[in-house]
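Undergrad: Okay, handing you the structure first.
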Amino acid sequence: MTSHSRVTGERTVALHCSGAGARQWRRLQEHGAGAIRVIAPDLYGTAGTGQWTGQHAFSLADEAERVLSLPDIGDGRFHLVGHSYGGGVALKLATLVPERIASLSLYEPSAFHLLHVLGPRGKAAFGDIRRVARAVADGLVTGDYQAAARHFVEYWNGPGSWAAMKPELQAEMVRYVPKACLDFHALFEEDTPRSAYGTFRFPVLIMSGEFAPAPTRVVAEGLAEMIPGAVRARIAGAGHMGPCTHAEAVNARILAHIAAARQHDAPSLKAA
């Protein structure tokens with residue numbers, strides 16, 4: 001399923017984090033009503049799309065190419081937004097069709113393949129996120145999906161966050177565990193070289209929370225140095241789930257970035 005508004009506005013493709021879905025970006029459309037038209041695809045692993053086909057080893061390209069194939073995306077240029085895993089997919093998509101990207105807004109993108117080239121801090125952060133991935137995979141292999149889901153949720157949201165979730169949301173995360181393992185695999189094994197990000201010629205905004213975990217904080221800082229003219233923003237009081245917990249502040253940054261890109265490139269951006 002793809003969620004999108006029927007109001008007018010420039011096309012903005014928004015990609016959700018692992019375990020979420022199209023509804024994550026509902027408030028972005030509300031905040032940008034009349035200026036943007038949010039197209040928020042459900043990625044693999046969600047109830048709206050279903051599981052990965054299993055035809056071959058999963059990669060970010062598989063996720064990105066499916067997004068591009070959706071009828072709602074259409075032709076022409078669009079603004080692109082991504083959070084966490086969705087940010088990793090957004091980066092892959094931008095390398096596949098850079099000529100179609102009007103602007104790129106990322107919140108703590110999980111481009112973990114870059115940690116290897118970001119010095120000692122990057123290597124330490126990679127070890128951190130690798131341990132999380134192994135704990136989730138162990139739960140999957142042993143059949144303790146709930147333990148895997150709890151570990152995943154509490155790493156990104158903090159201690160006690162699993163117990164605070166409604167039972168139906170816990171059940172959704174338990175169902176998502178097999179795809180979470182594929183997400184980690186795709187993010188770790190992505191082979192886009194750092195030099196590819198230096199070729200981006202569209203406006204890029206890279207956000208992170210004040211309390212960002214080391215892996216995504218280091219990635220955000222590294223990407224800002226790789227991408228010419230990238231703008232960095234820190235969201236006060238937010239953690240990794242800032243687009244949900246601090247939606248007003250995050251969405252304001254995204255909308256301002258899109259507006260600035262529109263002013264820069266108004267003739268070639270047309271609502272579809």
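Undergrad: Taking only pairs six or more apart or across chains, which ones have beta-carbon atoms under 7 Å, a first residue in region 27-42 that is within 18 Å of Gly86 (Cα to Cα), and a second residue that is part of a helix (DSSP H, G or I) and aliphatic (A, V, I, L, M)?
TA: Arg27/Ala247; Leu28/Ile254; Val38/Leu28; Ala40/Ala22; Pro41/Ala22; Pro41/Val67; Asp42/Ala22
Undergrad: Can you name every residue in region 91-141 that is basic (Lys, Arg) and closer than 21 Å to Ser195 by Cβ? I'd like the intermediate steps shown before the answer.
TA: The first filter runs over region 91-141 and keeps only residues basic (Lys, Arg), leaving 92, 100, 121, 123, 130-131, 134.
Matches in region 91-141: Lys92, Arg100, Arg121, Lys123.
Conditions (1) among the small types (Gly, Ala, Ser); (2) surrounded by 14 or more Cβ atoms within 10 Å (Cβ to Cβ); (3) over 18 Å from Ser105 (Cα atoms), marked per residue:
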{"residue": "Arg26", "(1), (2), (3)": "no, yes, no"}
{"residue": "Glu30", "(1), (2), (3)": "no, no, no"}
{"residue": "Gly34", "(1), (2), (3)": "yes, no, yes"}
{"residue": "Ala47", "(1), (2), (3)": "yes, no, yes"}
{"residue": "Ala64", "(1), (2), (3)": "yes, yes, no"}
{"residue": "Ser69", "(1), (2), (3)": "yes, no, yes"}
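Undergrad: Follow-up. Looking only at region 43-74, which residues are closer than 22 Å to Gly9 by Cβ and either of a type in the set (S, T, N, Q) or without any contact (Cβ under 8 Å) to a residue 40 or more places away in the chain (or both)?
TA: Just the residues of region 43-74 that are closer than 22 Å to Gly9 by Cβ, to begin with: 67-68, 70-74.
Across region 43-74, the qualifying residues are Leu68, Pro71.
Undergrad: Go through region 134-150 and give me each residue that's assigned to a helix (DSSP H, G or I) and surrounded by fewer than 20 Cβ atoms within 10 Å (Cβ to Cβ).
TA: Arg134, Ala135, Ala137, Asp138, Leu140, Val141, Thr142, Tyr145, Gln146, Ala147, listed by residue number.
Undergrad: Just checking, how many residues over region 216-272 are modelled with pLDDT under 95 and among the acidic types (Asp, Glu)?
TA: Final tally of qualifying residues: 1.
Undergrad: Residues being assigned to a loop (DSSP other than H, G, I, E, B) and touching a residue at least 40 places away in the same chain (Cβ under 8 Å): count how many of those fall in region 76-110. Steps first, please.
TA: Start the filter on region 76-110 by keeping residues that are assigned to a loop (DSSP other than H, G, I, E, B), which leaves 76-77, 84, 97, 108-110.
Narrowing further to those that are touching a residue at least 40 places away in the same chain (Cβ under 8 Å): 76-77, 84, 108-110.
The qualifying residues number 6.
Undergrad: Would you kindly identify the helices (runs of 4 or more DSSP H) lying entirely within region 212-265 that contain at least 3 residues that are touching a residue at least 24 places away in the same chain (Cβ under 8 Å), closer than 26 Å to Gly198 by Cα and more than 16 Å from the chain's Cα centre (by Cα)?
TA: Working: elements: 214-226, 242-245, 247-264.
Counting at least 3 such residues, we get 214-226, 247-264.
Undergrad: Going residue by residue through region 34-49, is there one that turns out to be at pLDDT 95 or above, within 16 Å of the chain's Cα centre (by Cα) and in a helix (DSSP H, G or I)?
TA: no
The values are calculated or read from the model by the stated rules, or taken from the named source; none is laboratory data. Small disclaimer: the values here were computed from a predicted structure and weren't measured. Here Cβ is always computed from backbone atoms with ideal geometry, including for glycine, and neighbour counts include all displayed protein chains.
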